[in-house]
(Lines give C-alpha, C1' and ligand atoms only; values in the text may rest on other atoms or scores of the structure.)
Protein backbone atom coordinates (compact mmCIF):
# COMPACT_ATOMS: atom_id res chain seq x y z
CA UNK A 1 0.00 0.00 0.00
CA UNK A 2 2.75 2.43 0.93
CA UNK A 3 4.50 1.63 -2.32
CA UNK A 4 1.36 2.41 -4.37
CA UNK A 5 0.83 5.70 -2.53
CA UNK A 6 4.43 6.68 -3.07
CA UNK A 7 4.16 5.92 -6.81
CA UNK A 8 0.97 7.99 -7.05
CA UNK A 9 2.67 10.91 -5.26
CA UNK A 10 5.60 10.76 -7.69
CA UNK A 11 3.21 10.69 -10.66
CA UNK A 12 1.37 13.71 -9.28
CA UNK A 13 4.67 15.59 -8.78
CA UNK A 14 5.67 14.81 -12.36
CA UNK A 15 2.34 16.01 -13.75
CA UNK A 16 2.52 19.20 -11.67
CA UNK A 17 5.99 19.85 -13.05
CA UNK A 18 4.57 19.75 -16.59
CA UNK A 19 1.69 22.03 -15.62
CA UNK A 20 4.00 24.61 -14.05
CA UNK A 21 6.49 24.49 -16.93
CA UNK A 22 7.85 27.92 -17.79
CA UNK A 23 8.38 28.88 -21.40
CA UNK A 24 11.99 29.72 -22.12
CA UNK A 25 12.60 32.74 -24.27
CA UNK A 26 15.07 32.46 -27.12
CA UNK A 27 17.98 34.82 -27.28
CA UNK A 28 17.06 37.44 -29.92
CA UNK A 29 20.69 37.67 -31.04
CA UNK A 30 21.15 33.93 -31.53
CA UNK A 31 20.41 34.01 -35.27
CA UNK A 32 22.73 36.97 -35.76
CA UNK A 33 25.55 35.22 -33.90
CA UNK A 34 25.10 32.00 -35.86
CA UNK A 35 25.02 33.86 -39.17
CA UNK A 36 28.19 35.80 -38.29
CA UNK A 37 29.94 32.61 -37.24
CA UNK A 38 28.98 30.85 -40.46
CA UNK A 39 30.11 33.75 -42.65
CA UNK A 40 33.41 34.00 -40.82
CA UNK A 41 34.40 30.44 -41.60
CA UNK A 42 36.16 29.66 -44.83
CA UNK A 43 34.66 26.84 -46.86
CA UNK A 44 36.50 23.59 -46.47
CA UNK A 45 38.87 23.01 -49.34
CA UNK A 46 39.17 19.64 -50.91
CA UNK A 47 42.72 18.61 -50.27
CA UNK A 48 44.33 16.30 -52.75
CA UNK A 49 47.79 14.96 -52.64
CA UNK A 50 50.01 16.54 -55.27
CA UNK A 51 51.30 13.16 -56.39
CA UNK A 52 47.79 11.71 -56.80
CA UNK A 53 47.86 13.04 -60.37
CA UNK A 54 50.70 10.60 -61.00
CA UNK A 55 49.60 7.74 -58.77
CA UNK A 56 46.02 7.33 -60.04
CA UNK A 57 46.93 6.81 -63.72
CA UNK A 58 49.88 4.62 -62.70
CA UNK A 59 47.59 2.35 -60.67
CA UNK A 60 45.11 2.08 -63.53
CA UNK A 61 47.87 1.21 -65.98
CA UNK A 62 49.27 -1.35 -63.54
CA UNK A 63 45.87 -3.02 -63.15
CA UNK A 64 45.36 -3.13 -66.91
CA UNK A 65 48.82 -4.59 -67.39
CA UNK A 66 48.15 -7.29 -64.79
CA UNK A 67 44.88 -8.15 -66.53
CA UNK A 68 46.52 -8.37 -69.94
CA UNK A 69 49.33 -10.53 -68.60
CA UNK A 70 46.84 -12.83 -66.88
CA UNK A 71 44.83 -13.26 -70.06
CA UNK A 72 48.02 -13.88 -72.06
CA UNK A 73 49.20 -16.47 -69.51
CA UNK A 74 45.90 -18.32 -69.44
CA UNK A 75 45.53 -18.56 -73.22
CA UNK A 76 49.14 -19.42 -74.07
CA UNK A 77 49.87 -21.92 -71.31
CA UNK A 78 49.66 -25.50 -72.44
CA UNK A 79 47.60 -27.15 -69.74
CA UNK A 80 47.74 -30.83 -69.13
CA UNK A 81 45.01 -32.49 -71.22
CA UNK A 82 44.09 -34.97 -68.53
CA UNK A 83 43.74 -32.21 -65.94
CA UNK A 84 41.58 -30.19 -68.29
CA UNK A 85 39.40 -33.23 -69.04
CA UNK A 86 39.04 -34.01 -65.34
CA UNK A 87 38.01 -30.44 -64.58
CA UNK A 88 35.45 -30.54 -67.38
CA UNK A 89 33.93 -33.77 -66.09
CA UNK A 90 33.79 -32.39 -62.55
CA UNK A 91 32.06 -29.25 -63.77
CA UNK A 92 29.64 -31.30 -65.84
CA UNK A 93 28.70 -33.38 -62.83
CA UNK A 94 28.47 -30.35 -60.54
CA UNK A 95 26.26 -28.34 -62.88
CA UNK A 96 24.45 -31.43 -64.21
CA UNK A 97 25.27 -30.77 -67.84
CA UNK A 98 24.30 -33.52 -70.28
CA UNK A 99 26.51 -32.43 -73.17
CA UNK A 100 28.76 -35.20 -74.45
CA UNK A 101 31.15 -33.02 -76.50
CA UNK A 102 33.39 -30.38 -75.05
CA UNK A 103 34.95 -27.65 -77.15
CA UNK A 104 38.04 -25.91 -75.88
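Checked across the stretch 56-72, the condition of being modelled with pLDDT under 80 and not in a helix (DSSP H, G or I) holds for no residue.
Assess whether residue 90 counts as being modelled with pLDDT of 75 or more, assigned to a helix (DSSP H, G or I), exposed (fewer than 10 other Cβ atoms within 10 Å of the Cβ) and under 40 Å from the mean Cα position of the chain (by Cα). So residue 90 does not fit the description; no.
The values are calculated or read from the model by the stated rules, or taken from the named source; none is laboratory data. Treat the numbers as computed from the prediction; the structure is a model and nothing was measured. Neighbour counts run over all protein chains shown; Cβ positions are idealised from the backbone, glycine included.
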